[in-house]
Amino acid sequence: LASGDGSVRPTIFAEMSALAAATGAANLGQGFPDDDGPQWIREAAIDAIRSGENQYPPGRGIVALREAIAAHQSRHYGIELDPATEVLVTAGATEALTAAILALAGPGDEVVTLEPFYDSHAAAIAMAGATHVTVPLVPSTRGFAVDRAALETAVTPATKLILVNTPHNPTGTVLTREELGLIADAAERVDALVITDEVYEHLVFDGATHTPIATLPGMRERTLTVSSSGKTFSLTGWKIGWVTGPAQLIEAVLAVKQFLTYSGGAPFQPAIARALVGGDADIASLRETLDARRELLLASLSRVGFSSVRPEGTYFVCADATPFLSADVPDGAAFARWLPGAVGVACVPLSAFCREGSATAEALANWVRFTFVKNDQTLATAIERLETRL
Ligand code: PMP
Ligand code: GLN
């Protein structure tokens, strides 16, 4: 990039998955499932290919999928959307986020995110030429929580966008209604727009509730809500995502989206439309399976000697690797590069989700993220290796 911004670089996920493959490590790094999503949904895509749904779908997405997305938002959250103008299908949440940021922010604008943040958020802000301002998530009694004083100072009249992510990758935090209220107040105070990344909306545990910020008073009109079928239905490679919100904002995102991909995923769109309508039992069963795997991984990390934070959502656990560091392996980044070869397990350093040199990067320098969205065998292998070799 002309600005020399370091956010646009090979993703840590690709690097760690390559290292896992090269070393034969159990891959608890990149967040994708070992086991594909429900067979009936996969069959629906095969049916769509057979019945000739193989050419460009409409730029906004097929009507059945837009209707299914609107019905999903209504059924789960009471958000009413016009599928004709307020729903846009995208190539995964990644495209929705990037197109929205490119559409709404530019040089001179500030975009506020939490820190740590998902890496594509920072890259999209850099591609837009906007300035990235961060609000730390700090350890609290319930895990990581929004630093309220930092939120107040970060959001100023220069703030064009506030980017929210709940359930939060990498920390697993589910933002509370109160925290979302503070973010909403800050957005209203400076008349900023909000983009909210809710790809883990259905992956919440321990009775935690996912609250879309668009449901808070006054927020529907200034919020773009992004989600994706990848996590919800364990079909990450299909890249069917969406963004919903006021027609005028969707129009702006569509203007950019047409020149990123125009459209995509023709046979996957009708399959995901059916999944969103009839897949609630599959979602519940995935949540139950993941909950059990979360307990397994947390218990094992604790036996090995990590202190970790119990995630309320997502499929990630963050853990402090300090007890295992040495002169040769001095921090979380070095640990993540060392672990696959030495122990046969891959993870991801939290520094990859932070700005270089930031206070949060310093605070989390020794931390790493493990995913538990892997099958019983991968998880058992990883646990056995951590417990016997580390
Ligand atoms: N946002 C977050 C927080 C993520 O963890 C991911 C990774 N799947 C994405 C967006 C990207 O989603 P998709 O694969 O649908 O592009
Ligand atoms: N969201 C996944 C993760 O956090 C990675 C997806 C990707 O590699 N783009 O691990």
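The values are calculated or read from the model by the stated rules, or taken from the named source; none is laboratory data. Just so it is clear, the structure is predicted and the values come from calculations on it, not from any experiment. Here Cβ is always computed from backbone atoms with ideal geometry, including for glycine, and neighbour counts include all displayed protein chains.
Filter the stretch 242-264 down to the residues that are within 14 Å of ligand 1 (Cβ to nearest atom) and surrounded by fewer than 24 Cβ atoms within 10 Å (Cβ to Cβ), then identify the one that is nearest to Q55 (Cα to Cα).
Once the filter is applied, the top-ranked residue is G264.
Can you pull out the helices (runs of 4 or more DSSP H) entirely within the stretch 278-390 that have at least 3 residues that are touching a helix residue (DSSP H, G or I) at 6+ places or on another chain (Cβ under 9 Å) and either of a type in the set (A, V, I, L, M, F, W, C) or under 30 Å from H72 (Cβ atoms) (or both)?
Hits in the stretch 278-390: 280-304, 332-343, 376-389.
Among what's in the stretch 51-69 and is outside any loop (DSSP other than H, G, I, E, B) and closer than 17 Å to G264 by Cα, pick the residue that is farthest from ligand 1 (Cβ to nearest atom).
V63
Can you name every residue in the stretch 144-157 that is touching a Pro at 6+ places or on another chain (Cβ under 7 Å) and either at pLDDT below 95 or in a loop (DSSP other than H, G, I, E, B) (or both)?
D147, the sole residue that qualifies.
Within the stretch 94-133, can you find the residues that are within 23 Å of A361 (Cα to Cα), within 16 Å of ligand 1 (Cβ to nearest atom) and charged (D, E, K, R)?
E115, D119
Since P33 meets every condition but one in (1) in the same structural domain as K374 (by TED's automatic domain parsing); (2) part of a helix (DSSP H, G or I), which condition does it not meet?
Result: P33 passes all but (2).
How many of the residues making up the stretch 195-231 are more than 16 Å from ligand 2 (Cβ to nearest atom), among the basic types (K, R) and either touching a residue at least 40 places away in the same chain (Cβ under 8 Å) or over 22 Å from E178 (Cβ atoms) (or both)?
Residues in the stretch 195-231 being more than 16 Å from ligand 2 (Cβ to nearest atom), among the basic types (K, R) and either touching a residue at least 40 places away in the same chain (Cβ under 8 Å) or over 22 Å from E178 (Cβ atoms) (or both): 1 in total.
Residue-by-condition table, conditions (1) out of contact with any strand residue (DSSP E or B) (no Cβ under 6 Å at 6 or more places or on another chain); (2) more than 27 Å from L65 (Cβ to Cβ); (3) within 16 Å of ligand 2 (Cβ to nearest atom):
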residue	(1), (2), (3)
G108	yes, yes, no
V111	no, yes, no
L137	no, yes, yes
G143	no, yes, no
N165	no, no, yes
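Just one of the numbered conditions (1) over 24 Å from L290 (Cβ atoms); (2) out of contact with any Asp or Glu (no Cβ under 7 Å at 6 or more places or on another chain) is not true of S17; which one?
The single condition S17 does not satisfy is (1).
Scan A93, A20 and give me the residue that is modelled with pLDDT of 95 or more, closer than 30 Å to W338 by Cβ and in contact with a strand residue (DSSP E or B) (Cβ under 9 Å, 6 or more places away or on another chain).
Just one listed residue meets the conditions, A20.
Looking only at the stretch 181-219, how many residues end up being of a type in the set (D, E), closer than 20 Å to Q248 by Cβ and touching a helix residue (DSSP H, G or I) at 6+ places or on another chain (Cβ under 7 Å)?
Within the stretch 181-219, residues that are of a type in the set (D, E), closer than 20 Å to Q248 by Cβ and touching a helix residue (DSSP H, G or I) at 6+ places or on another chain (Cβ under 7 Å) number 0.
Cβ-Cβ under 8 Å, sequence separation 6+ or interchain: first residue in the stretch 9-32 and more than 16 Å from ligand 1 (Cβ to nearest atom), partner of a type in the set (V, I, T) and assigned to a helix (DSSP H, G or I). Which pairs?
Every condition considered, the pairs that remain are A25/V343; A26/T378; A26/T381.
Sort out which residues of the stretch 294-304 are free of Cβ contacts under 8 Å to residues at least 40 places away in the same chain and farther than 14 Å from E384 by Cα, and write them in order of number.
Residue satisfying the conditions is E295 alone.
Kindly establish whether V133 is away from ligand 2 (no atom under 16 Å from the Cβ), touching a His at 6+ places or on another chain (Cβ under 7 Å) and not in a helix (DSSP H, G or I).
no
Step by step: first the residues of the stretch 364-390, then only those that are surrounded by 22 or more Cβ atoms within 10 Å (Cβ to Cβ) and basic (K, R), then the one that is farthest from C318 (Cα to Cα). Which residue is that?
So, considering only residues that are surrounded by 22 or more Cβ atoms within 10 Å (Cβ to Cβ) and basic (K, R), the one farthest from C318 (Cα to Cα) is K374.
Can you tell me which residue is surrounded by the most Cβ atoms within 10 Å (Cβ to Cβ) among those in the stretch 269-307 that are over 19 Å from K239 (Cβ atoms) and basic (K, R)?
If we take residues in the stretch 269-307 being over 19 Å from K239 (Cβ atoms) and basic (K, R), then R294 is surrounded by the most Cβ atoms within 10 Å (Cβ to Cβ).
Could you run through the stretch 232-263 and say how many residues are farther than 12 Å from T94 by Cβ and either within 16 Å of ligand 2 (Cβ to nearest atom) or modelled with pLDDT under 95 (or both)?
6
Considering only the stretch 370-390, state which residues are under 14 Å from A299 (Cα atoms) and free of Cβ contacts under 8 Å to residues at least 12 places away in the same chain.
Within the stretch 370-390, A380, E384 meet the criteria.
Please specify each residue of the stretch 106-125 satisfying the condition of being over 17 Å from the mean Cα position of the chain (by Cα) and either part of a strand (DSSP E or B) or buried (at least 21 other Cβ atoms within 10 Å of the Cβ) (or both).
E110, V111
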